Amino acid sequence: MKIGICSDHAGVEYKAKLIKYMERRGIEVVNFGTDTTESMDYPDVAHPLGYALEKGDVDLGVALCGTGNGMAITLNHHKGVRAGLAWNVEVGKLVKEHNNANVLVMPARFISYRMACAILRAWLETEFAGGRHLRRIEKIPVQQ
Ligand code: RB5
């Protein structure tokens, strides 16, 4: 499994630690930046991750910014991307079980690193439930 990860300056410290955490678990990680604490614009890293998901270059994504909202709003413009925001372990499970989120988004300024790690673990270990939830996510794309 290959996971793409991105953050803005607000999430860069957690991103660096989460990359190491995933690599220790044998997951191949592709880092889309940013890699400094200098203020930057989250779409500049979210879009490259979104295109990589569209092309199948990565299987899943993880994104962090201050609130998580900028990353989620940007990534959800990409075809086939379901970026879901999670701020605790229960929501981290449900965003996979019910929404089949293929990108986990976390609000780095509002959770501890320990929590971010626990949410990531929960999301990775949870399976999509299918059934009525599949029917619901199939209704999400806007018909052109
Ligand atoms: C950066 O200050 C902040 O706006 C950003 O990290 C994020 O919260 C945007 O949604």
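So what are the ³J(HN,Hα) numbers for segment 25-33, from phi and the Karplus equation (6.51, -1.76, 1.60; θ = phi - 60°), rounded to whole Hz, Gly and Pro as x?
With the stated coefficients, segment 25-33 comes to 8, x, 8, 7, 10, 10, 9, 9, x Hz.
Give me the percent of DSSP beta bridges within segment 1-80 that run antiparallel, rounded to the nearest 5.
0 percent
Quick one: work out Rg over Rh on the C-alpha atoms of segment 39-95, Rh as Kirkwood radius.
0.96
What do you get for GluC sites (Glu not before Pro) in segment 68-144 restricted to DSSP loop and a cutoff of at most 15 other Cβ within 10 Å of the site's Cβ?
Passing sites in segment 68-144 are 127.
How much net charge surrounds residue 127 when only other residues with a Cβ under 12 Å from its Cβ are counted (Lys, Arg +1; Asp, Glu -1)?
My count for the surroundings of residue 127 gives 0.
Share of segment 34-137's accessible area from carbon and sulfur, percent, 1.4 Å?
For segment 34-137, the apolar C and S fraction of the accessible surface comes to 49 percent.
Would you please name the trypsin sites (Lys or Arg not before Pro) within segment 38-144 that are DSSP coil residues with at most 13 other C-beta atoms within 10 Å of their C-beta?
Filter output for segment 38-144: 79, 109, 139.
Have a look at 126, 51, 98 and report the one farthest towards the positive end of the charge dipole of segment 46-144, computed about the Cα centre with Cβ charges (Lys/Arg +1, Asp/Glu -1).
Highest projection toward the positive end goes to 98.
Applying the Karplus parametrisation 6.51 cos²θ - 1.76 cosθ + 1.60 with θ = phi - 60° to the phi angles of segment 36-53, what ³J(HN,Hα) value in whole Hz is obtained for each residue in order, glycine and proline being reported as x?
9, 8, 5, 4, 8, 9, 3, x, 5, 10, 5, 4, x, 5, x, 5, 5, 5
Taking residue 93 as the anchor, which lysines have their alpha carbon closer than 22 Å to its alpha carbon, excluding any fewer than eight residues away along the same chain?
Correct list for residue 93: 2, 15, 17, 20, 139.
Could you tell me how many degrees, from 0 to 90 and to the nearest 10, lie between the Cα long axis of helix 12-24 and the main elongation axis, the longest principal axis, of the Cα atoms of the chain?
So the inclination is approximately 70 degrees.
Translational diffusion coefficient, Stokes-Einstein: compute it for the chain using the Kirkwood radius over C-alpha pairs as Rh, at 37 °C and 0.692 mPa s, and state it as an integer in µm² s⁻¹.
221 µm²/s
So what are the ³J(HN,Hα) numbers for segment 69-79, from phi and the Karplus equation (6.51, -1.76, 1.60; θ = phi - 60°), rounded to whole Hz, Gly and Pro as x?
My calculation for segment 69-79 gives 5, x, 5, 5, 4, 5, 5, 6, 7, 8, 4 Hz in order.
What do you get for the angle between helix 113-125 and the principal long axis of the chain? Use alpha-carbon atoms, 0 to 90 degrees, nearest ten.
30 degrees
The values are calculated or read from the model by the stated rules, or taken from the named source; none is laboratory data. Quick caveat: nothing in here was measured; it's all calculated off a predicted structure. Here the Cβ is made from the backbone with ideal geometry for all residues, glycine too, and neighbour counts use every protein chain on show. What goes into the accessible areas is simple: the full protein's heavy atoms, side chains included, and nothing from ligands, DNA or RNA. Shrake-Rupley method; radii C 1.70, N 1.55, O 1.52, S 1.80 Å.
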